[in-house]
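Asks: Take a look at this one; I'll ask things after.
The values are calculated or read from the model by the stated rules, or taken from the named source; none is laboratory data. Model, not experiment: these values are computed from the prediction. Note: ideal-geometry Cβ built from the backbone for every residue, glycine included; neighbour counts use all protein chains shown.
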Amino acid sequence: MAALALAAANAYAVLPDEIQVYTDDVEAVGARGIELHVNTTPNGRSRPDYPGELAPHHGLRLTPEISYGIARDWDGGLYLPFVRGAEGTLYFAGPRFRLKWMPLRPAEGAAGYFLGVNGELSFVERRFEEARRTAELRPILGYRNDAWLVSFNPILAFDLAGEQKGVAFFAPAFKLARSVGERRALGIEYYAELGRLSHFAPRAEQAHTLYLIADTEGSPGLNFGIGRGFSGAADRWTIKAIVSF
């Protein structure tokens with residue numbers, strides 16, 4: 001019983017509505033963008049991490065994202081995640097709001113480094129996130145040229161309510177992609193949930209997932225990936241797609 005209580009105290013379940021490594025993309029001033037995030041978990045966690053959680057096994061998540069260019073190097077976005085559980089019930093999880101700043105990025109078609117940060121506030125139903133109100137700070141660091149794209153997001157996530165209010169959790173994400181033709185690329189994306197920033201969780205309670213991905217640019221654009229979890233806390237298989245309009 002003590003071990004179970006400790007595991008519950010260290011658990012940090014989040015709604016996997018957006019599986020994405022941020023790069024140097026930012027909307028032009030006054031421009032609007034629309035993306036549809038779709039992912040499903042054919043083989044994932046079937047046991048809830050906390051009482052009342054809707055486990056991701058056999059779940060389907062559809063999340064429209066609307067973004068808008070606010071000022072030079074600044075854009076904002078709204079996520080509206082919908083979730084279909086394994087039993088077939090459809091839920092609206094609750095809104096997420098984000099604000100991105102990209103002060104350093106190469107010109108269109110040029111090579112160079114990029115640097116920025118994205119902030120996010122979420123108001124999500126308890127069946128998907130125990131704290132309901134959460135925040136995320138996502139630094140964005142990377143480099144691109146004609147052949148390669150590399151990006152690293154050392155994400156810090158915070159509960160804004162509940163027993164772990166104010167605690168920082170570390171969830172790094174990484175992307176490496178190689179161009180294989182005009183406006184096409186293949187690569188990998190890696191996502192981890194390591195627990196508290198001040199004291200990482202034991203390996204068995206961490207989540208590590210590696211995706212093989214394919215990207216196409218244009219209208220529409222597509223990011224498609226198949227992910228394999230490599231720890232007991234990760235979903236074993238996840239399929240994801242992001243369609244950009």
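Asks: Are there any pairs with C-beta distances below 9 angstrom linking a residue in the range 178-206 that is free of Cβ contacts under 8 Å to residues at least 24 places away in the same chain to a residue that is among the acidic types (D, E), with the two at least 6 apart or on different chains, and if so which?
Replies: E182/E217
Asks: If you don't mind, another one. Looking at E125, E108, which one is of a type in the set (D, E) and exposed (fewer than 13 other Cβ atoms within 10 Å of the Cβ)?
Replies: E108
Asks: When you go through (1) of a type in the set (D, E, K, R); (2) farther than 20 Å from I239 by Cα; (3) buried (at least 16 other Cβ atoms within 10 Å of the Cβ); (4) in contact with a Phe, Trp or Tyr (Cβ under 7 Å, 6 or more places away or on another chain) one by one for D73, which number turns out not to apply?
Replies: Of (1) of a type in the set (D, E, K, R); (2) farther than 20 Å from I239 by Cα; (3) buried (at least 16 other Cβ atoms within 10 Å of the Cβ); (4) in contact with a Phe, Trp or Tyr (Cβ under 7 Å, 6 or more places away or on another chain), only one is false for D73: (3).
Asks: A233 passes all but one of (1) surrounded by 18 or more Cβ atoms within 10 Å (Cβ to Cβ); (2) among the small types (G, A, S); (3) modelled with pLDDT of 95 or more; which number fails?
Replies: Against the list (1) surrounded by 18 or more Cβ atoms within 10 Å (Cβ to Cβ); (2) among the small types (G, A, S); (3) modelled with pLDDT of 95 or more, A233 comes up short only on (3).
Asks: Condition test on Y143, is it part of a strand (DSSP E or B), under 24 Å from L99 (Cβ atoms) and in contact (Cβ under 8 Å) with a residue 40 or more places away in the chain?
Replies: Criteria not met by Y143.
Asks: Got a sec? Which of A135, A131, A55 is in a strand (DSSP E or B), of a type in the set (A, V, I, L, M) and more than 29 Å from E217 (Cα to Cα)?
Replies: That would be A135, the only listed residue that is in a strand (DSSP E or B), of a type in the set (A, V, I, L, M) and more than 29 Å from E217 (Cα to Cα).
Asks: Report yes if some residue within the range 122-131 is closer than 27 Å to A185 by Cβ and either small (G, A, S) or at pLDDT 95 or above (or both); otherwise report no.
Replies: No, the conditions are met nowhere in the range 122-131.
Asks: Now for a separate question. So is L137 more than 27 Å from L80 (Cβ to Cβ) and either at pLDDT 95 or above or among the basic types (K, R) (or both) or not?
Replies: No: the conditions fail for L137.
Asks: OK, next. Quick check on my filter: what residues within the range 111-128 are part of a strand (DSSP E or B), more than 30 Å from P51 (Cα to Cα) and hydrophobic (A, V, I, L, M, F, W, C)?
Replies: Answer for the range 111-128, where residues must be part of a strand (DSSP E or B), more than 30 Å from P51 (Cα to Cα) and hydrophobic (A, V, I, L, M, F, W, C): F114, L115, V117.
Asks: Just need a number here: residues in the range 57-87 that are modelled with pLDDT under 95 and over 15 Å from R127 (Cβ atoms).
Replies: Residues meeting the conditions: 1.
Asks: Specify which of the listed residues (R105, R96) is over 14 Å from E18 (Cβ atoms) and charged (D, E, K, R).
Replies: Only one candidate passes the filter, namely R105.
Asks: Looking only at the range 1-36, filter to residues that are of a type in the set (S, T, N, Q) and either part of a loop (DSSP other than H, G, I, E, B) or at pLDDT 95 or above (or both); which one of those is surrounded by the fewest Cβ atoms within 10 Å (Cβ to Cβ)?
Replies: Only one residue tops the list, namely Q20.
Asks: Could you identify the single residue in F114, F152 that is surrounded by 15 or more Cβ atoms within 10 Å (Cβ to Cβ), modelled with pLDDT of 95 or more, aromatic (F, W, Y) and in contact with an Asp or Glu (Cβ under 9 Å, 6 or more places away or on another chain)?
Replies: Matching residue, one of F114, F152: F114.
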